[in-house]
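One structure below.
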Amino acid sequence: MNPAVGLAAFLGVALATAAIGFYGLRISRTTGDFYVASRTVRPWWNASAIGGEYLSAASFLGVAGLILLTGTDALWFPVGYTAGYLMLLLFVAAPLRRSGAYTIPDFTEARLQSKAVRRVTSLVVVAVGWLYIVPQLQGAGLTIRISTGLPSWAGSIAVVAVVGVTVVAGGMRSITFVQAFQYWLKLTALAVPVVFLLLKQTGADGSLALAEASSNPTGLPAAGLYQTVSLLVALLFGTLGLPHVLVRFYTNPDGQSARRTTLIVLGLLSVFYVFPTASGLLGRVFAPELARSGRPDALVLLLPGKLVGGVPGDLLSALVVAGAFAAFLSTTSGLVVSLAGVISQDLLGGSVRGFRVAAALAAVVPLAFAFTTDSMALAGSVGLVFAFTASTICPVLLLGIWWRGLSDAGAIAGMLTGAILCGGALVSSTIIGSAAPGWIAQPAAWTVPAAFAVMVLVSRATNDRVPGTVTRLMTRLHVPERPVATKRQLR
Amino acid sequence: MTRVRVTAPQSGAKVAPTRPYHSREAAEDSDVGQVFVRSLIRSQLRLAVVVASGFLLVLAAYGSMVALVPQLAQMRLLGIPVNWVILGVALYPVIGLSAWLYNRSAARNEARYRDLVEDK
């Protein structure tokens, strides 16, 4: 790939991000603006922003790479990433919006009236956020190495720097605009090359010439039933506990609009995931050597240049590189904002200055991790973060919203059980490597039920610790907002 | 839109007053009001579980179809293997449809609750 093209694409995205960030800064005035955009963001904007924030390196590069590697087995990843939002819609979207809390720790503290629960939740949220930022930075390293020939660390540092500047300067209000812009940029960046390539491969009779699509370039065995089920448990129930996803729902004006927004998000995600899937399919036919050379995640970046030569190929490559950086920037900034919210409220007193210090802290720690660890398949490592979230935050949210009997002791015991079991499995599978048995490599199918079971049993045993405010709070979570008498009606 | 200045949300976490206190909320604190609230929560949970199970059944059906009928990989739809079409494209409309049905029914449950409470 032409290094100048890659560099220009990165600089273009960085400048556009910063410009929209500063435009947002001018209208961001209060601390409320700074945290959650004062809850005045419209559903379409908000849905685009949620989509922009959610579609990370794993979706943009990783899904196509994994499809190239494992074929139809990997199709469960985009399905799971999307269906996770369906679960979020069904079980948490409206009640969580109605809770009126800003962050997950705010919610658990309000629900269980316990500072200890708040602290444990905060720790889990920070761990999830850091784990999730690392693959973004590794993806940035990969992209910069492939597109410009610069060393990987330059990409990671560039992403942290751009995110740091936008978050510290603008907070959530500008982030909303930046994220919405980045959804559409990512969609365009994947869709244009894929449509172009598909048209090029379409025969006169209107069907694609994809003779070898079913071939298996790596000869990897197909995933077993357990692996697939466990992966789906992680993706379906992990999404609803992701900290950067949850904080977005507070920007809806009420519960109903939170549901409407989620419906739009589902549409946006469904449209998006058609394209990495198509990329993966094209890659299996035209670039199987990438799978064998151990660089499957680079497929999306290299495919246009490989199939289309000359200036059009360079332009398509530039577009894809721009989209990839949009993915790293948007997910990382979303995570940094939500982590900074948690860190600053719990450690630094909740001021705007504390938020800025916390944002720096939230971005720099995973940078150190990204430098010291090797990158694995991006979609796979993000899938493991989903498993961790599904084993820790998901149970406390679901039971907190739907079950009156949850006690603070139960919540803490369940979250710790999930964190220890799932974290332990993830660490040991990293140590063992590819020889790790399936139940350790993909632990969600047993760690999620275990966390739920411990949470329920300990809550039952400590029935007397259920807070007296539970009736009040459950009413608040589930009763529809009174239709506010708008100015029009009053007139 | 009015702007509300919010400082450290920690204290606000305990039920921030985003809406004014209405007589309806007083009714919700009463025994009868709580019966209505509990029945609303039960019907919303039942709805969510039904939609989720329905979706998971479809998911399982698609998955087992692809796993148990290997011939699908040989068949082509516009040149694309049919097993890819099933998992890579055909599941998304099911997700969207489930979400749309849920939204409609959840809003209906809430409207029914509103009618019950506000008619008094």
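The values are calculated or read from the model by the stated rules, or taken from the named source; none is laboratory data. Just so you know, these numbers come straight off a predicted model, no measurement behind them. Here Cβ is always computed from backbone atoms with ideal geometry, including for glycine, and neighbour counts include all displayed protein chains.
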Within the group A:Ala318, A:Ala322, A:Ala327, which residue is away from chain B (no Cβ under 14 Å), crowded, with 21+ Cβ neighbours inside 10 Å and in contact with a Phe, Trp or Tyr (Cβ under 7 Å, 6 or more places away or on another chain)?
-> A:Ala327
Tally of residues being under 24 Å from A:Gln442 (Cβ atoms) and surrounded by 24 or more Cβ atoms within 10 Å (Cβ to Cβ) across region A:398-414 = 1
Counting only residues that are hydroxyl-bearing (Ser, Thr, Tyr), in a helix (DSSP H, G or I) and closer than 30 Å to A:Glu289 by Cβ, how many does region A:44-81 have?
-> 4
Helices (runs of 4 or more DSSP H) (entirely within region A:418-481) containing at least 1 residues that are hydroxyl-bearing (Ser, Thr, Tyr) = A:444-461, A:470-478
For residues that are at pLDDT 80 or above, in a helix (DSSP H, G or I) and either under 29 Å from A:Leu225 (Cα atoms) or among the polar types (S, T, N, Q) (or both), tally how many sit in region B:67-101.
-> 18
Restricting to region A:246-274, what's the tally of residues that are among the β-branched types (Val, Ile, Thr), assigned to a helix (DSSP H, G or I) and buried (at least 22 other Cβ atoms within 10 Å of the Cβ)?
-> 4
Pick from region B:106-120 the residues that are more than 7 Å from every other protein chain (Cβ to nearest Cβ) and surrounded by fewer than 17 Cβ atoms within 10 Å (Cβ to Cβ): which of them is modelled with the highest pLDDT?
-> B:Arg108
Would you point out the residue of region B:26-55, among those that are surrounded by fewer than 16 Cβ atoms within 10 Å (Cβ to Cβ) and at the interface with another protein chain (Cβ under 9 Å from one of its Cβ atoms), that is farthest from A:Leu473 (Cα to Cα)?
-> B:Val49
Please go through region B:68-120 and pick out each residue that is in contact (Cβ under 8 Å) with a residue 60 or more places away in the chain and within 28 Å of A:Leu269 (Cα to Cα).
-> B:Ala106, B:Asn109, B:Glu110
Counting only residues that are over 15 Å from A:Phe60 (Cβ atoms) and either part of a helix (DSSP H, G or I) or under 25 Å from the mean Cα position of the chain (by Cα) (or both), how many does region A:275-303 have?
-> 12
All conditions in (1) more than 28 Å from A:Leu131 (Cα to Cα); (2) in contact with an Asp or Glu (Cβ under 6 Å, 6 or more places away or on another chain); (3) of a type outside the set (Phe, Trp, Tyr) are true of A:Gly334 except (1)
A:Thr475 fails exactly one of the following numbered conditions: (1) touching a residue at least 12 places away in the same chain (Cβ under 8 Å); (2) within 20 Å of A:Gly100 (Cβ to Cβ); (3) in contact with a helix residue (DSSP H, G or I) (Cβ under 7 Å, 6 or more places away or on another chain). What is the number of that condition?
-> (1)
A:Leu281: under 23 Å from A:Leu75 (Cα atoms), within 14 Å of chain B (Cβ to nearest Cβ) and in contact (Cβ under 8 Å) with a residue 24 or more places away in the chain, yes or no?
-> yes
